[in-house]
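Take a look at the structure below.
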Amino acid sequence: MKKLLLIGSNTGNAHLKNYLDLVRDYFDEVLVVSDYPVEYAPSKSVSFSLKNPLKTRNSIQKLRQIIHDYNPSIIHVHQANSYAFIAGKANGGSTPLVLTAWGSDVLLLPKRSIIHQWLVTQALRYADLVTADSIQMIQEIHALCPGKEAVNANFGVDFDLPEAMNADRELILYSNRMHEPLYRIEDILTQFKAMCEDLDGHLILAGKGSLTAKLKDYTKLHQLTSQVTFTGFVTKNQNQANYLKSKFFISIPTSDGTSISLLEAMAYGCIPVLSDLPANREWVKDGENGIIIGRSEPLSKAIKRGLELDAEKVQHYNRELINQRATKSANAALFKGIYSRILASEAKANR
């Protein structure tokens, strides 16, 4: 029997579930270990906090017992931080361990302090193989842990695309990133206000976060309530509808891997307007199939450059790119291939 022990955060995101949906049919059994119980699979709860050394030690012992009792074929941990560190300690090399980095764990966390750098490096060392969704992340992984095998893979996107999409859309800007400092939603809003002095557009802000109340207050203060829509968290169908009616998708975080939202937006015909990050440049060529905002470039100028693009050609190019590199089927095959290679190697070693 092929048994997967899937470990990672389930706080405020659906990434763990989305990944499991990608590979579930490869395994006979799955057990999820996370901070809190989940509804989509059998699960157990373990704290992955490192704040209290005694509690951390207890978490390692608890997870070690779970691994012993469940006896998985493969452990797959998501995020090269405390999750991978505790999992690696608990596993002790007894079971093949795959680690998937999410972005900020390898791009930002090591830069906080020497201790954080050590933590991430140790997490990477515990893994037999690491996956990441951008070349930049793989380069950072190799810088932290030279020689570590790393594979470029993403979770893929499950599309429900119409046969034909409207290229002649209203000037609607769509953002569905979290309302947290990393994603610079406040900058989007202030730049949108300045843009409206030259262009008549509408901004849709999906999602929520610690800055939501502040963003809404800014909108009221500057009389933008008729031009800015806050939707909160949206369903899959609502998200698709927003993509399909929006001219532009805007995402300008200070750091990022390959964003699933970006892949969705490209598939559904939005022109991407993105911050100048290596992961973004892996998907978008400035002035060809989207816009990369320069460091001091106003949003209004970036949007005007975007309006000069042939939207129909951009849609066609981006849809072909997504079909080749970002579908769920393509990436499911990639991850399953990784598992098969690991299991075959284990079987050969145990003969």
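The values are calculated or read from the model by the stated rules, or taken from the named source; none is laboratory data. None of the values given here were measured: they were computed from a predicted structure. Quick reminder, even Gly has a Cβ in these numbers, built from the backbone with ideal geometry, and neighbours come from all protein chains shown.
Based on what the data block shows, is Thr95 assigned to a loop (DSSP other than H, G, I, E, B), of a type in the set (Ser, Thr, Tyr), on the phi < 0 side of the Ramachandran plot and modelled with pLDDT of 95 or more?
Values: assigned to a loop (DSSP other than H, G, I, E, B): yes; of a type in the set (Ser, Thr, Tyr): yes; on the phi < 0 side of the Ramachandran plot: yes; modelled with pLDDT of 95 or more: yes.
In short, yes.
Just to be sure before I move on: is Ala213 farther than 28 Å from Arg295 by Cβ, assigned to a helix (DSSP H, G or I) and free of Cβ contacts under 8 Å to residues at least 24 places away in the same chain in the structure I sent?
Details: farther than 28 Å from Arg295 by Cβ: yes; assigned to a helix (DSSP H, G or I): yes; free of Cβ contacts under 8 Å to residues at least 24 places away in the same chain: yes.
In short, yes.
Look at (1) without any contact (Cβ under 8 Å) to a residue 24 or more places away in the chain; (2) part of a loop (DSSP other than H, G, I, E, B); (3) acidic (Asp, Glu) and you find that Glu288 fails only one, number (1).
Checked against the criterion of being touching a Gly at 6+ places or on another chain (Cβ under 9 Å) and under 20 Å from Ala206 (Cα atoms), the candidates Val284, Val273 yield just one match: Val273. The residues in the stretch 127-139 that are in contact (Cβ under 8 Å) with a residue 12 or more places away in the chain and surrounded by fewer than 22 Cβ atoms within 10 Å (Cβ to Cβ) can be counted, and the count is 4. Within the stretch 233-256, the residues that satisfy the criterion of being buried (at least 24 other Cβ atoms within 10 Å of the Cβ) and either of a type in the set (Phe, Trp, Tyr) or assigned to a loop (DSSP other than H, G, I, E, B) (or both) are Ser246, Phe248, Phe249, Asp256.
Screening Leu16, Leu22, Leu50 for residues that are surrounded by 15 or more Cβ atoms within 10 Å (Cβ to Cβ), assigned by TED's automatic domain parsing to the domain that holds Ala90, at pLDDT below 95 and farther than 15 Å from Ile75 by Cα leaves exactly one candidate, Leu22.
Within the stretch 280-309, how many residues are buried (at least 24 other Cβ atoms within 10 Å of the Cβ) and under 27 Å from Val106 (Cα atoms)? The number of residues fulfilling the criteria is 3. All conditions in (1) farther than 27 Å from Ile322 by Cβ; (2) surrounded by fewer than 17 Cβ atoms within 10 Å (Cβ to Cβ); (3) not hydroxyl-bearing (Ser, Thr, Tyr) hold for Leu215, with the sole exception of (2). Select from the stretch 98-109 the residues that are surrounded by fewer than 22 Cβ atoms within 10 Å (Cβ to Cβ) and in a helix (DSSP H, G or I) and list them in ascending order. If the condition is that a residue be surrounded by fewer than 22 Cβ atoms within 10 Å (Cβ to Cβ) and in a helix (DSSP H, G or I), then Ser104, Leu109 are the ones that fit. For Phe230, indicate whether it is part of a strand (DSSP E or B) and either free of Cβ contacts under 8 Å to residues at least 12 places away in the same chain or farther than 22 Å from Ala167 by Cα (or both). Here the answer is yes, as Phe230 does meet what is asked.
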